[in-house]
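First up is the structure itself, then whatever we jot down about it.
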Amino acid sequence: MFSKLLLKTLEWLLICIFGLMVLLVFGNVVLRYGFNYGIIFSEEVSRFLFVWMVFLGSVLMLYDNGHLGVHTVTKLLPLAGKKACKFISDVTTLACCVLMTYGGIKIVGLNMANIAPVSGIPIGVVYMALLVCSVGMGVLLLGSLYRLVTGQMDEQEMCPDIEDAL
């Protein structure tokens, strides 16, 4: 129940971020060409929002099993082979998330004192998207590994077809 609410909140947050980006960029274009005036911080804030949107979207895609994957070989394997491939894939991705979290903590700490020139936003806030993404993906991967090890994951989730994702 809580995870569904969290995912719906994440979806709405992404919609709001995208809407704000559209408003900032479109509004800036209209103001520049129509009134010879612009929103000064529009480009910078839109860029920061885009970074957040990409990282938050990647967490959502991991939950939806929407990331690119090549299952040509794994579809031909028996169930035990599919489980082994899924396990190796999840553990490797989890290791990458651990490295991203470690590096993210360092880079956020280093950049909290750096301020964006136009908007005044600390650059560390932009890099926090990396931390949120890596921790969120790590939690999802731990849940996936738990379901795989305890036998709660079905074969379709281990090796989805492209048609199922569409």
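Taken together, the values in this text are just the output of simple stated rules run on the coordinates, not laboratory data. Note that the structure is predicted; figures quoted are calculated from it, not measured. Please note: Cβ atoms are built from the backbone with ideal geometry, for glycine as well, and neighbour counts cover all protein chains shown.
Couple of notes before you dig in:
- Karplus-derived 3J(HN,Hα), 6.51/-1.76/1.60, for each residue of region 67-80, Hz, glycine and proline x: 6, 5, x, 10, 10, 4, 7, 5, 5, 7, 7, x, 4, 5
- Dipole moment magnitude, nearest 20 debye, region 22-166 about Cα centre, only Lys, Arg, Asp, Glu C-beta charged: 380 debye
- Taking amide hydrogens as placed 1.01 Å from N in the peptide plane, the amide H of Ile115 sits under 5 Å from those of Ile123, each at least 5 positions away in sequence or on another chain.
- Among Ser144, Ser3, the ranking by other beta carbons within 10 Å of each residue's beta carbon, starting with the fewest, stands as Ser3, Ser144.
- One decimal place: the segment Ala84-Arg147 gains 21.3 nm when fully extended, by the rule 0.36 nm per residue minus the C-alpha distance.
- For the chain, the mean residue ellipticity at 222 nm estimated from helices alone is -26000 deg cm²/dmol, where every DSSP H run of n ≥ 4 contributes -39500 (n - 2.57) and the total is divided by all residues, rounded to the nearest 500.
- Where labels lie 7 Å past Cα in the beta-carbon direction, separation of Ala116 and Thr9 in nm: 2.3 nm
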